[in-house]
Amino acid sequence: MEPLSFKVKKLQAPTDLSVDFSLQLVGSLPVHSLTTMPMLPWIVTEIRRLSMQSSVEEPSTTQIQLYVSPASLRCELDTGKSQQWDPLSCCSLFEYKPQHVHKLIHNSHDPSYFACLIKGGAVNQQSICYVFRAADQTKVPEIISSIRQAGKIARQEEFQNNLSEVEDPFSKKFEVLFCGRMTVAHKNAPPALIDECIEKFNHVSCSKKLEFNSLSQQHEAVNNSGGLSFSDKLRSVFQPLVTEEEERRPIRKSCSQPGLRSLYFKRDLQDRSWRSNSFASSFDETEISLNLKRQLNYGHNVVQPTDIAGNRTMLFTIGQSEVYLISPDTKKVALEKSFKEISFCSQGIRHVDHFGFICRESSGNGGCYFVCYVFQCTDEALVDEIMMTLKQAFTVAAVQQTSKAQLQLCDGCPMQCLHKLCEKIEGLHPSKTKLELQKHLTLLNNQEQASVFEQIQKLRPRNDQKENELIISVLRNMYEEKQKDHVHIGEAKQASQPFGEATGNEMPSSAPRFRLDMLKSKAKRSLTESLESILSRGSRAKGSLESSGSIDLDSSLSSTLSSTSKEPSLWEKEGPVPLETPAETNGSVGDLSSEPVSHPIEQPDKLPQQGFRRRANTLSHLPIECQDSLEPVETSPSVPQRKLMSDYESKQSQLDVGNDTPVKTRRHSWRQQIFLRVATPQKGCDSPSRYDDYSELGDIPPRSPLEPVCEDGPFGPVKEERKRTSWELRELWQKAILQQILLLRMEKENQKLQASENNLLNRRLKLHYEEITPCLKDVTLVWEKMLSTPGRSKTKIDMETIHSAVGQGVPRHHRGEIWKFLAEQYQLKHQFPSKQQPKDTPYKELLKQLTSQQHAILIDLGRTFPTHPYFSAQLGTGQLSLYNILKAYSLLDQEVGYCQGLSFVAGVLLLHMTEEDAFKMLKFLMFDMGLRKQYRPDMTILQIQMYQLSRLLHDYHRDLYNHLEEHEIGPSLYAAPWFLTMFASQFPLGFVARVFDMLFLQGSEVIFKVALSLLGSHKPLILQHENLETIVDFIKNTLPNLGLVQMEKTINQVFEMDIAKQLQAYEVEYHVLQDELIDSSLNDNQKMDKLEKANTSLRKQNFDLLEELQVANGKIQNLEAEVEMLLNNECKLKQSILTLELERKALLQTVEDLRMQTDSPGGKPLLTRQECMDAN
């Protein structure tokens, strides 16, 4: 195990990243599994109170290391960096799965503290709450984000593993064409919405095409004229294209721009190297959030059609509680929506092959909007099936959710009562919280009230806040005990008598008595709420009249601290207000198992004439120790001041001395404080008395990040920063630009490294099988030399060399390239391709189309190599790549389409090469090698192959043939999968790879050789079995598990066999027997008619052949005449050549004589050219 001082370490899984944080464990407390978010702040306070009590007795603190990863959430004692890891001293305090972290809470007033609620996997399992404290408070958001991300990834991986291990009966997959999406005004829409969306998509696409053409023409014109600024170009490109009204707005952008479209419908799940193979949700909104918010704020519909030129095909999957789109092209989840977010589903009226649904999506300002997604299918029948499947899935999910909710909670649950109480007192002043708790205690019986009073008196709380905390703690323990014996309302009607007796005093034996008690409690609550609403109206009216004199009243009431500190303000009387005493979250609260949708916050209008303003919607703080005089975060002007000037100065001086701060505070009088709050509330300072109660803790807690910034805080005036000069700003800009460029380069390099690492990992994962024939280094060098031959696709290599190399072995890491090399040599050997050649349609274009064979392909994906790690993940990278290959071939070869067995052939190819290369090799095997004949719908060639195998057994292994015929075992019972899958469905991958080596070298006859060798080598074992079941079981199950030595022996036998002539003879024999069989079933007249028809066709063929023969004879005569003429010309040319050669020799001799004459000293003078001519 690694030392605890390591900050980052990688686990076994390639996608897991473990991060550890050094923290202090404040404490923990076991709680009920039905604990809700409003209860958590009180539980955290109780844990901190218990920790402070224990720290007084034992001053030692628990320093721990928290390890966060998608695999586990582990807490260990921190032994220090200098010490080595010791299993006795460094033990694990707890370890949970990150998906069991149910809730997280972060105190905005004291950001160094945070808590997490661990919920067990079982429904009734007890939960536990842990509270931590970080030395660096800025690390807390990072820790919370890490835990949330780890939990999300773990849940997605768990969901994916469950799907791969257990076939989900509700999960159905359909291939659809994603047309686009459009924002709508309401969650429900008329049935014609789908047709309207399609028309708008077409309109936007046409508009963009026209604008693109006009922009290109304008760009050419500007380039010729030479003037258009870069900003003008950008402005011209990013013009909106949705409505005419938006076109008149020059700055607003459209979310359906060609330049940004690629960013809309892509989802990169990698987040800090954790999310490479996990599921994610929805399209990436980060790039268009600003654009989308602008248009939504203006109330415009955003139309986003997909790019017609791109691959828009998606796998639309319907699960038990969600639907999601998976892109086979990018191998990522493009959209994920739960059933709760979908509000409308419909089929097109005019476009019956289209359907869509409306779902809710959250916006950045806390609100939500509705988006309609539109899809296209192959035909109307598929749309009907999808709509029926959605209806069934929605119904089943609603029933399951209702039954689950009824079993967990009811109106009479004690924990539900505690939840409502905590919700009611959320954000109230301690004095008002105490009043509400006293009202709630009156609903308890006398015995329970006495118990609560007794426990509170024992502890003797010092203030209202401490008393409230103790009351909530006692009530929580009481209600958790009562919840154990509680019987839900729905179960009480069906409960038996023994169960009613087991509930004891908590649950009445008769259901009518229980319902009567419930009605009484509801009546009491409704009456109390009615009285409170009446009092609040009167208080509001009274407060509006008295607000004008509130400033003067503060001077007279400031001396009475006890009364003013407990008097509620007007904003407290108005109704629900944000939290004050219990803690809210700082962006980290909520149920981590589901993502709740937030709604826009309604901000009230400002009423300056009323003399008071509403309390700002800020985060509040945890109830902590010594909070007897804690004020609200933003005090209303009507609330009187608590302290006199002398008290304020004394407290402030104590804080300054205690903290040893040299900063002097600029003090204001209490009247000036009030004036600053009323006159300029945006610059209002917090009252210094707010921090009085924290002086006993030794440090002042930091300000909430959402509180208004004051000019003069409790630590003194804030120094203004010096204004930078233009040169300094220029230097900062240059530095920032250089750093940004460097970061972009580093990010690109990291992406390249990550991509190469992923490619190597995928390649290693693909080649995860045991090799049969080990390839030596010398043989590997021979293969590398042949593969590196320049222009190898046009260079023939000796077949004997290739045969020898294949026989000695094929290196696994070069096998895919070697198969392509063998295919190139086969095509060079057979220059004239077969008559049945497919259309030369690019692979990428085939992927953009929809196939009618999608159901058969999707069903066989999970059955193809289910134990291989590359194909084991349902709808993972391997299965999606395999789906693309099979879909493309089904569109390319309409006659064959898809047949069972093709998935294994394509899977073997995909394990050794890229997706597109695997498709090319599949096309080569099917058309050039002729394998497509056995996959035709009539299966005639497969029947011929079965006959050929039987004849081979009859000729080579007569005793084995007789034994199989004696038990009526035909080759179709055991050999059909061998021919359809090339032995890949039953035999090990290493053996199958060797079969494919020989298949690319010798053709389809290799399958017969391998089958004959397997059956012949195991003939004694097969003859030992005496019944049909055991023989077939041995051939199907035992025979594929033979040892490596036997497999290699079989491969060597195949290289030595030659059965090509026998196979041709057996095929002719099959056709003859078939004709005889057909003739034997006919009478004389039918035979005569058949013979006459055959005679007529033969005569016609004879005449045709005679005509062709005459034409051929004429051509031959013409060619012979041409050849004779050419021969005569050749003889003449040869004579001319001889004459010219003799003349050349004579001229050369004359030249030589002339040279000799000129060289001699007494020779005659040279003749001029004219004299030479005259001499001749």
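Looking at the range 978-1083, none of the chymotrypsin sites (Phe, Trp or Tyr not before Pro) sits in a DSSP loop with at most 12 other Cβ atoms within 10 Å of its own Cβ. If R0 equals 60 Å, the separation of the Cβ atoms of residue 785 and residue 1030 corresponds to a calculated FRET efficiency of about 0.75. What is the percent carbon and sulfur in the accessible area of the range 352-471, measuring with a 1.4 Å probe over the protein chains and ignoring ligands? Carbon and sulfur: 52 percent of the exposed surface of the range 352-471.
Just by accessible area at a 1.4 angstrom probe, what is the order of 350, 958 from largest to smallest? Please report the intermediate quantities before stating the final value.
Values: 350 150, 958 120 Å².
Per-residue accessible area, sorted high to low, gives 350, 958.
In this structure, the residue pairs whose Cα-Cα separation is over 19 Å, taken from 172/391; 331/887; 796/1049, are 796/1049. Were the residues from residue 384 through residue 742 laid out at 0.36 nm apart, the gain over their Cα-Cα distance would be 123.5 nm. Along the axis of the charge dipole computed for the range 930-1053 (Cβ charges of +1 for Lys and Arg, -1 for Asp and Glu, origin at the Cα centre), the listed residues 990, 1012, 1035 are led at the positive end by 990.
Once R0 is set to 45 Å, what does the formula 1/(1 + (r/R0)^6) return for the Cβ-Cβ distance between residue 209 and residue 757, expressed as a FRET efficiency to the nearest 0.05?
Numbers: r = 40 Å, r/R0 = 0.90.
After rounding to 0.05, the efficiency reads 0.65.
Sorting 1115, 1036, 337 by accessible area (1.4 Å probe), largest first, what list results? Present the calculation step by step, with values, prior to reporting the outcome.
Numbers: 1115 125, 1036 80, 337 10 Å².
Ranking 1115, 1036, 337 by accessible area, largest first, yields 1115, 1036, 337.
In a reduced charge model with +1 at each Lys and Arg Cβ and -1 at each Asp and Glu Cβ, the range 773-896 shows a dipole moment near 160 debye about its Cα centre.
Projecting label points 7 angstrom from Cα along Cα→Cβ for residue 1037 and residue 1085 puts them 5.7 nm apart. Summarise the accessible area of the range 990-1094 (1.4 Å probe, protein heavy atoms) by the percent that is carbon and sulfur. Its accessible area is 54 percent carbon and sulfur atoms. The heavy atoms of residue 368 offer some 40 square angstrom of accessible surface to a 1.4 angstrom probe.
Which length gain, in nm to one decimal place, applies between residue 1110 and residue 801 when the Cα-Cα distance is subtracted from 0.36 nm times their residue separation?
Numbers: separation 309, 0.36 × 309 = 111.24 nm, distance 4.59 nm.
Answer, rounded to one decimal: 106.6 nm.
In the structure displayed, which of 752/920; 432/484; 933/1019; 420/482; 432/466; 187/340 lie more than 20 Å apart, Cα to Cα? 752/920; 432/484; 933/1019, as the Cα separations exceed 20 Å there. Fully extending the segment from residue 867 to residue 776 would add 29.9 nm, taking 0.36 nm per residue of separation and subtracting the current Cα-Cα distance.
The values are calculated or read from the model by the stated rules, or taken from the named source; none is laboratory data. In this text the structure is predicted, and so the values were computed from the model without any measurement. Cβ coordinates were reconstructed from backbone atoms using ideal geometry, including for glycine residues, and neighbour counts include every protein chain displayed. Heads up: the accessible areas ignore ligands, DNA and RNA and are worked out on the full protein's heavy atoms, side chains in. Shrake-Rupley method; radii C 1.70, N 1.55, O 1.52, S 1.80 Å.
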